[in-house]
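Participant: Pasting a structure here, questions to come.
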Amino acid sequence: MAMQDTRTDKTPQELGFAMPAEWERHEATWLGWPHNATDWPDKLDTIRWVYGEMVRKISPGEIARILVRNQAEEKLARSYLTRSGADLKNVQFILHPTNRGWMRDSGPIFVRKRQDGEGARGEGRGEELPPLAPRPPTLGTGPSALSNTAIVHFHFNAWAKYDDWQQDRTVPDMAAAFLGKRLFQAQCRGRDFVLEGGGIDVNGQGALLTTEECYLDAEVQVRNPGLGRGEIEETLKQCLGGTKVLWLAAGPAGDDTHGHIDDVCRFVNRNTVVLIRETNAKDINYRPLAENWERIRELRLQDGSKPEVVPLPMPAPLYFDGCRLPASYANFYISNAAVLVPTFNDPSDRVALGTLGDLFKDRPVVGIHAVDLVLGLGALHCLTQQQPAE
């Protein structure tokens, strides 16, 4: 297994880098302006307004870095964001072609160098997170030896399902050049290692959550053919600075990614997770989600302790054109200024918002209408990718 940049044969873990938890302070959130109409049939205009609401909530606390394909698309995006009330002073547009806009999976995954004795910053203990002013672009400056953050390129291939991923795969390379960051190439057995950001979740202390359905299935949407559990675990540890990989079973029905963890289980602080639960025994999700609850009782964090587990409800089933949609409250995004939670015009909305509101005391928990958004088979977390502060 190797995972290198152009200047060293050492891995991020060996160099002291690790992926921070999502609640730690961000410099920016990366987004891709929606343009692929096949993701949201007959709903693309509606989705632009959803983006407007997302940016309006994110931009008071950090930069919103938005990929647009051309200047005409930037002009269109500015119009929607302005009318949505977003603060454009904290929005930075980046011209770069994409196939889709799912930045969680195709965007840059950041790691940060840990200092001795450093704990997680901004982890739900009431720490105030002031807005960060936009920085000018640094395109072409080359990797900075002074930077504490770097990017890992995991070689996106459209969830091993679609053929149009070539432009999306270039986003991490572009981001590294744009920001002047060191870029690591994820490899195992001398070939590119494939992973999506939605397939993992970390507590910033060494524990990493994922699912067997997503990365160990040998027949459906196989990301890394021929690699076993041990090789995948070691690659994840070397790439992301982790020490313990926790495997749950599977995700909800309708998940286009075949089991991304961000629809299932999420860390909300270093030793607590929320885990979705289906209470209707007749629902197709009941049995696989119950298995996750059985498994998590046996899992241990990086320090050997049991995680505290808080249940999140499931909304009533949503369908489009006869197909079950992967609506899940676990697909929330933790920004500096607010926790954005997908809502589905469902009685369980208030339960999910209340549960997360009790867990995040240092920033407001707000709902974002996601009934139209989930037609694209993803929600808020799928569209966002955090860039940690230095």
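The values are calculated or read from the model by the stated rules, or taken from the named source; none is laboratory data. Since we're looking at a predicted model, the values are computed, not measured. With ideal geometry, Cβ positions are generated from the backbone for all residues, glycine too; neighbour counts draw on all protein chains shown.
Participant: Among the residues of the range 192-203, count how many are in a loop (DSSP other than H, G, I, E, B) and surrounded by fewer than 24 Cβ atoms within 10 Å (Cβ to Cβ).
Facilitator: Residues in the range 192-203 being in a loop (DSSP other than H, G, I, E, B) and surrounded by fewer than 24 Cβ atoms within 10 Å (Cβ to Cβ): 1 in total.
Participant: Conditions: (1) surrounded by fewer than 21 Cβ atoms within 10 Å (Cβ to Cβ); (2) under 30 Å from His153 (Cβ atoms). Val274 meets all but one. Number of the miss?
Facilitator: (1)
Participant: For the range 146-168, give me each residue that is touching a Ser or Thr at 6+ places or on another chain (Cβ under 9 Å) and either farther than 19 Å from Leu240 by Cβ or surrounded by fewer than 16 Cβ atoms within 10 Å (Cβ to Cβ) (or both).
Facilitator: To start, the set of residues in the range 146-168 that are touching a Ser or Thr at 6+ places or on another chain (Cβ under 9 Å) comprises 156, 158-159, 161, 165, 167-168.
Matches in the range 146-168: Ala158, Trp159, Lys161, Trp165, Gln167, Asp168.
Participant: On the basis of being of a type in the set (D, E, K, R), over 17 Å from Pro20 (Cα atoms) and touching a residue at least 60 places away in the same chain (Cβ under 8 Å), does Asp192 make the cut? Before the answer, list the steps.
Facilitator: On the way: of a type in the set (D, E, K, R): yes; over 17 Å from Pro20 (Cα atoms): yes; touching a residue at least 60 places away in the same chain (Cβ under 8 Å): no.
For Asp192, the condition - of a type in the set (D, E, K, R), over 17 Å from Pro20 (Cα atoms) and touching a residue at least 60 places away in the same chain (Cβ under 8 Å) - is not met.
Participant: Here are Ala37, Ala72, Ala77: which of them is surrounded by fewer than 20 Cβ atoms within 10 Å (Cβ to Cβ), aliphatic (A, V, I, L, M), farther than 25 Å from Val202 by Cβ and touching a helix residue (DSSP H, G or I) at 6+ places or on another chain (Cβ under 9 Å)? Before you say what the answer is, go through the steps one by one.
Facilitator: Working: Ala72 fails: touching a helix residue (DSSP H, G or I) at 6+ places or on another chain (Cβ under 9 Å); Ala77 fails: surrounded by fewer than 20 Cβ atoms within 10 Å (Cβ to Cβ).
Being surrounded by fewer than 20 Cβ atoms within 10 Å (Cβ to Cβ), aliphatic (A, V, I, L, M), farther than 25 Å from Val202 by Cβ and touching a helix residue (DSSP H, G or I) at 6+ places or on another chain (Cβ under 9 Å) holds for just one of Ala37, Ala72, Ala77, which is Ala37.
Participant: Going by what's in this entry, would Thr257 be described as hydroxyl-bearing (Ser, Thr, Tyr), closer than 16 Å to Ala158 by Cα and modelled with pLDDT of 95 or more?
Facilitator: In short, yes.
Participant: From the list Leu325, Leu375, Leu289, Leu318, which residue is within 23 Å of the chain's Cα centre (by Cα), surrounded by fewer than 20 Cβ atoms within 10 Å (Cβ to Cβ), over 24 Å from Met19 (Cβ atoms) and at pLDDT 95 or above? Break it down stepwise before answering.
Facilitator: Numbers: Leu325 fails: surrounded by fewer than 20 Cβ atoms within 10 Å (Cβ to Cβ); Leu375 fails: surrounded by fewer than 20 Cβ atoms within 10 Å (Cβ to Cβ); Leu289 fails: surrounded by fewer than 20 Cβ atoms within 10 Å (Cβ to Cβ).
The match here is Leu318.
Participant: Can you pull out every residue in the range 354-386 that is without any contact (Cβ under 8 Å) to a residue 60 or more places away in the chain, under 28 Å from Phe110 (Cβ atoms) and not in a loop (DSSP other than H, G, I, E, B)?
Facilitator: Correct list: Gly357, Val365, Gly367, Val374.
Participant: Counting only residues that are touching a residue at least 60 places away in the same chain (Cβ under 8 Å) and of a type in the set (A, V, I, L, M, F, W, C), which one in the range 247-266 is nearest to Arg104 (Cα to Cα)?
Facilitator: The selected residue is Ile261.
Participant: Could you check Phe184 against (1) part of a loop (DSSP other than H, G, I, E, B); (2) closer than 20 Å to Gly16 by Cα and say which number it fails?
Facilitator: It fails just one condition, (1).
Participant: Which condition from (1) buried (at least 18 other Cβ atoms within 10 Å of the Cβ); (2) part of a loop (DSSP other than H, G, I, E, B) is the one that Thr279 breaks?
Facilitator: (1)
Participant: Kindly indicate whether Arg100 is under 20 Å from the mean Cα position of the chain (by Cα) and of a type in the set (D, E, K, R). Give the steps one after another, and end with the answer.
Facilitator: On the way: under 20 Å from the mean Cα position of the chain (by Cα): yes; of a type in the set (D, E, K, R): yes.
Here the answer is yes, as Arg100 does meet what is asked.
Participant: Is there a residue being without any contact (Cβ under 8 Å) to a residue 40 or more places away in the chain, among the basic types (Lys, Arg) and in contact with a helix residue (DSSP H, G or I) (Cβ under 9 Å, 6 or more places away or on another chain) anywhere in the range 290-302?
Facilitator: no
Participant: Hey, any hits in the range 210-217 for a residue that's farther than 20 Å from Val273 by Cα, charged (D, E, K, R) and either in a loop (DSSP other than H, G, I, E, B) or in contact with a Cys (Cβ under 7 Å, 6 or more places away or on another chain) (or both)?
Facilitator: There is at least one residue in the range 210-217 that is farther than 20 Å from Val273 by Cα, charged (D, E, K, R) and either in a loop (DSSP other than H, G, I, E, B) or in contact with a Cys (Cβ under 7 Å, 6 or more places away or on another chain) (or both).
Participant: Note down all Cβ pairs under 6 Å where the first residue falls in the range 320-331 and is in a loop (DSSP other than H, G, I, E, B), the second is of a type in the set (Asp, Glu), and they're at least six residues apart or on different chains.
Facilitator: Between residues of the range 320-331 that are in a loop (DSSP other than H, G, I, E, B) and residues that are of a type in the set (Asp, Glu), the close pairs are Pro326/Asp255; Pro326/Asp263; Ser328/Asp263; Ala330/Asp263; Asn331/Asp262; Asn331/Asp263.
Participant: I'm checking my understanding of the structure. Among residues of the range 300-313 that are in a loop (DSSP other than H, G, I, E, B) and within 22 Å of the chain's Cα centre (by Cα), which one is nearest to Asp346 (Cα to Cα)? If you could, list the steps in order and put the result at the bottom.
Facilitator: Initially, the range 300-313 is screened for residues in a loop (DSSP other than H, G, I, E, B), giving 300-307.
Subsequent filtering for residues that are within 22 Å of the chain's Cα centre (by Cα) retains 301-302, 307.
Details: Leu301: 33, Gln302: 36, Pro307: 29 Å.
Applying the filter and picking the extreme gives Pro307.
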